[in-house]
Amino acid sequence: MKKEHLFLEPLAILRVIKCSRACLLGALIAPLVIVGCNSGGAQPNKAANSDNKSTANDITDVDVTNTVLLTGAKRLGINIGGQNYYDSGQMLRNLVFTNPGFEGETWQSILRCEGITTTTCTDPNQWNQWPANFLQGARFEFLSGAAAGITGTVLSSLPADPRQKDQGVTIRYSPMAKSPDLDDFVLVKQTIPGNAQAGWWTNAYGGARFLPEFSDLAPNSPGKQALKVSASGTGQGASVSSYFDSFAGHSFVQLKGNYRLFFRAKGVAGNREVRVTLRRTTDHGAELFLSKTVSLTDKWQDYSFGFSASEDGTKIGTVGLTFDIIGADVLLDDVSLTPSAPSSDNPTAFRDEVVRTLRQLRPGILRYQDGDHLGSSIDNLIAVPFARVRAGFSEGSSHQDMVPLGLHEFLQLCKAVGAEPWFNLPAGISQTETKNLIEYLSGSASTVYGAKRASLGQAAAWTSVFPLIHLELGNEEWNAGIFAGSAMPDPTAYGQRAKEIFVAARSSPYYVANKFDLVLGTFTVNPDWTQKELASSGGYDSTAVAPYTFDRFDDASSDEAIFGPMMAEPEMLDSRSSGYMVKQAKAARSASHPANLSVYEVNLATSIGKASQTDIDRTVPSMGAGLALIDHMLLMMRDLGVTTQSVWSLPGYSNNFANSSDHKPEKTPLFGVVVDMGGATDLRRPQYLAEQLANTAILPTMLQTRVTGANPTWDQKLSANDDVRIDGAHYLQTFAFADGQRRSLIVLNLSRTESIPMRFSGDGEPSGTVHISRLTSEKITDNNEEQAHVATTDNVVHGFNPRSSNVLPPFSMTVYTWTAGR
């Protein structure tokens, strides 16, 4: 997820005057003159009409045709990202979801043999965190090279040596029939029971202990282990806690309404008591929601306690659920803290506020890339939450605290919000697992995996619910720097591995070709990588990239220095032959088996540079940034035919920014498109608002538009921010759509300072009753971090005259919708 881009009769005489911003916004209802604010910065080039003698009085003409540009256009999508317990990643109804069933762990990682002998393979990641013999007893399978397909057991493993370059973990195995070669990839898998308290915060004194319990389990529990708290001795005590909403200075989950705490427990020895408390701790003291001393019996029982809350956004602080055990041995299992009753219109495992936010966005695609699932199995991902085990893959840690988000819960969410699902297969998925997955998605309820699906409440095949299901092998397999343990950073090896998995999928009797999109992820800024990947692979339908923009932020000397390159970069990448997105589209089309080009992630990626925290805060979540993102996505659709795209991501309040000048720790308000969902503000960032507005206009057929007349441009000189350079960048970008008689047009004015007059022509021009929606703000740096300064306005015009002049304010997005022939 890193970068690797109001109406009048025609006017006889147009006058351009200076004005205030309020005057510009008022132009919708009183455009007696064409207005324009001029505060410096880039100036438009001369108009691009035939005689090249235009003046500032020229109007731009937008010819909306009925010529089909592409079919199958989809509303823009969103990644739901991963869950967490501190910011907008708190998406599930169960607020104590990290390891609710006190389950064990599974581990699945891909290593690269940078060093090789007949009995050893050494991975090059010297920062691997696994201790000695971490992989002892694990099963291995070589995925590439002459030894591909050979399996066995890891006899022992040596830890990495951070002092030695390319000296990562070493695994030892018995000699094999075929010897692996240098740079071959090997998959290691193991099951690690125990550590039931993982994902919880624990405290013990007086010799109290936490132990996994494997045999004495609750009769109704779907899991394989429980947590035993042994604190019955004299002077012994222990606590088990789960915390959420712990981001300093901001609340992302306000408790409102009726809630219920559920858990299973048994008293084993001592006083058999457990005290349960739920409180929010703030700077002004604690707010207590629940406090109960529960006397347990010597048999497993289910306990449920209700309470009500009415938080109003003024209480900021961490919420903690704690089980205190003093003088007792107890067993605990299967904990949930949820609203008492599900909403009638929300059948999912996600919070009402999350579902509402997505429904308002109307995404065409939802992509599930939860980092906690990359080391999982398909069986684990369709297990119910109380039975789901923690799944690790990363070489950067030796344990995993959180259970992954379930595939069933994800598909429920897609169904509820009307989006196509995009699921990232764990990179280590086997061919058998792949066939099982296809059966789960497409088989009848009489099949083994179809029955598993039906047992979760979905009797009909998921392929009957969705027009298309996207399945991508792994996530950023080129990116071993971030996804070490999941990546296969070799285009040929990954392409060949993908072919094996996709051929297995297609061999299933339940595979329906027009219901699945099999996706190869690729290295965005390296089209040659894509060519090699496609040349070595097969069975795929699409290749997918993540064309992030505005990565490096060095120059904040003026708004023009910031937003000029930010607005020019999409056209440079998507519409000019030198742009890497143009080259990626060519690579996809020219493969021996042509692929569709998709975008699995996109956003700004402002993460490095010399910018101050103040400049970051006024730039990254700004109106200008929202406009640049939507321009990028719409250009990729119009100029490259990319119909499947998803923003990264729904949650994510802030990320790190590496300042290269003073090396002070800074934050960047990425990558979430919301501030929070049902928290203290419930505000949306401009990136969300721009996608939301675009999704009201995107219809299945994209039509061609022609822009003539003034059609102003600017020359973007080489910028310090992201090295953007392009001559003749267009201020106006237009995108038209149709669905039967329904019509829509999106017009972007990318100017940082100037309003632009415009009129319509063509067979498909808007007329009759036209609904006009506009997204803009007073200043290009306006944001919604604390208050809603950026918003969409709506207006309905009856008897719309396309020949009349329309004034587009600077840095604005305007959507026209109408019905043809009326």
message: Are there strands (runs of 3 or more DSSP E) fully within the stretch 753-822 with at least 2 residues that are crowded, with 21+ Cβ neighbours inside 10 Å? List them.
response: 756-761, 768-776, 806-808, 812-819
- prompt: Across the stretch 590-614, which residue is farthest from residue 538 (Cα to Cα) among those that are in contact with a strand residue (DSSP E or B) (Cβ under 9 Å, 6 or more places away or on another chain) and β-branched (Val, Ile, Thr)?
  reply: 608
query: List pairs: first in the stretch 595-610 and under 16 Å from residue 366 (Cβ atoms), second crowded, with 24+ Cβ neighbours inside 10 Å and modelled with pLDDT under 95, Cβ under 7 Å, 6+ apart or cross-chain?
result: 601/1
message: For the stretch 281-375, give me every one of the strands (runs of 3 or more DSSP E) that falls completely inside it and has 2 or more residues that are among the aromatic types (Phe, Trp, Tyr) and open to solvent by less than 50 Å² (accessible area, probe 1.4 Å).
response: 301-310
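Listed here are the residues, each with its yes/no results for (1) basic (Lys, Arg); (2) surrounded by 24 or more Cβ atoms within 10 Å (Cβ to Cβ).
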position: 640; (1), (2): no, no
position: 644; (1), (2): no, yes
position: 660; (1), (2): no, no
position: 667; (1), (2): yes, no
position: 675; (1), (2): no, yes
message: Return the residues of the stretch 751-764 that are touching a strand residue (DSSP E or B) at 6+ places or on another chain (Cβ under 7 Å) and not aromatic (Phe, Trp, Tyr); say none if nothing qualifies.
response: 755, 756, 757, 758, 759, 761, 762, 763, 764
statement: (1) of a type outside the set (A, V, I, L, M, F, W, C); (2) open to solvent by 30 Å² or more (accessible area, probe 1.4 Å); (3) at pLDDT 95 or above all hold for residue 53 apart from (3)
query: Restricting to the stretch 730-741, what's the tally of residues that are more than 20 Å from residue 633 (Cβ to Cβ) and either open to solvent by less than 10 Å² (accessible area, probe 1.4 Å) or in contact with a Ser or Thr (Cβ under 6 Å, 6 or more places away or on another chain) (or both)?
result: 1
field: Members of the stretch 223-260 that are out of contact with any Asp or Glu (no Cβ under 7 Å at 6 or more places or on another chain), within 17 Å of residue 90 (Cα to Cα) and of a type in the set (A, V, I, L, M, F, W, C)
entry: 244, 248
statement: Scanning the stretch 422-457 for residues that are open to solvent by less than 20 Å² (accessible area, probe 1.4 Å) and assigned to a loop (DSSP other than H, G, I, E, B) gives 426, 427, 428, 429, 443, 447
- prompt: If you go through the stretch 486-493 one residue at a time, do you hit one that is open to solvent by 30 Å² or more (accessible area, probe 1.4 Å), farther than 28 Å from residue 626 by Cα and not in a helix (DSSP H, G or I)?
  reply: yes
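Conditions (1) touching a Leu at 6+ places or on another chain (Cβ under 9 Å); (2) closer than 30 Å to residue 490 by Cβ; (3) of a type in the set (Phe, Trp, Tyr), marked per residue:
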residue	(1), (2), (3)
73	yes, no, no
86	no, no, yes
99	no, no, no
110	yes, yes, no
118	no, yes, no
121	yes, yes, no
138	no, yes, no
141	yes, yes, no
- prompt: Residues in the stretch 98-137 that are closer than 21 Å to residue 497 by Cα and not in a strand (DSSP E or B): how many?
  reply: 4
query: On the given criteria, is residue 633 open to solvent by less than 10 Å² (accessible area, probe 1.4 Å), among the hydrophobic types (A, V, I, L, M, F, W, C), touching a strand residue (DSSP E or B) at 6+ places or on another chain (Cβ under 9 Å) and over 26 Å from residue 370 (Cα atoms)?
result: no
- line: Scanning the stretch 533-584 residue by residue, those out of contact with any helix residue (DSSP H, G or I) (no Cβ under 6 Å at 6 or more places or on another chain), open to solvent by 10 Å² or more (accessible area, probe 1.4 Å) and not in a helix (DSSP H, G or I) turn out to be 541, 551, 552, 554, 557, 558, 576, 577, 578
field: Within the stretch 141-151, considering residues that are open to solvent by 10 Å² or more (accessible area, probe 1.4 Å) and assigned to a strand (DSSP E or B), the one nearest to residue 127 (Cα to Cα)
entry: 141
task: Identify, by number, the condition in (1) of a type in the set (Val, Ile, Thr); (2) surrounded by fewer than 19 Cβ atoms within 10 Å (Cβ to Cβ); (3) under 17 Å from residue 400 (Cα atoms) that residue 116 doesn't meet.
output: (3)
field: Pair list, Cβ under 6 Å, 6 or more apart: the stretch 473-485 residue over 19 Å from residue 530 (Cβ atoms), other residue open to solvent by less than 10 Å² (accessible area, probe 1.4 Å)
entry: 484/395; 485/109; 485/395
query: With respect to residue 230, is the statement that it is among the small types (Gly, Ala, Ser) and surrounded by fewer than 19 Cβ atoms within 10 Å (Cβ to Cβ) true?
result: no
- prompt: Do you know which residues across the stretch 66-82 are outside any strand (DSSP E or B) and open to solvent by 20 Å² or more (accessible area, probe 1.4 Å)?
  reply: 72, 74, 75, 82
task: For residue 682, state whether it is open to solvent by 20 Å² or more (accessible area, probe 1.4 Å) and either closer than 23 Å to residue 784 by Cα or more than 29 Å from the chain's Cα centre (by Cα) (or both).
output: yes
field: Hits in the stretch 509-531 (condition: open to solvent by 30 Å² or more (accessible area, probe 1.4 Å) and either over 16 Å from residue 476 (Cα atoms) or assigned to a helix (DSSP H, G or I) (or both))
entry: 509, 510, 511, 512, 513, 514, 515, 528, 529, 531
task: Kindly check whether there is at least one residue in the stretch 711-723 that is outside any strand (DSSP E or B), crowded, with 22+ Cβ neighbours inside 10 Å and of a type in the set (A, V, I, L, M).
output: no
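The values are calculated or read from the model by the stated rules, or taken from the named source; none is laboratory data. Everything quoted here is computed from the prediction, not taken from an experiment. Using ideal geometry, Cβ is built from the backbone for each residue, glycine included, and neighbour counts are taken over all protein chains shown. To get the accessible areas, we keep the full protein, side chains included, count just its heavy atoms, and leave off ligands, DNA and RNA. Shrake-Rupley method; radii C 1.70, N 1.55, O 1.52, S 1.80 Å.
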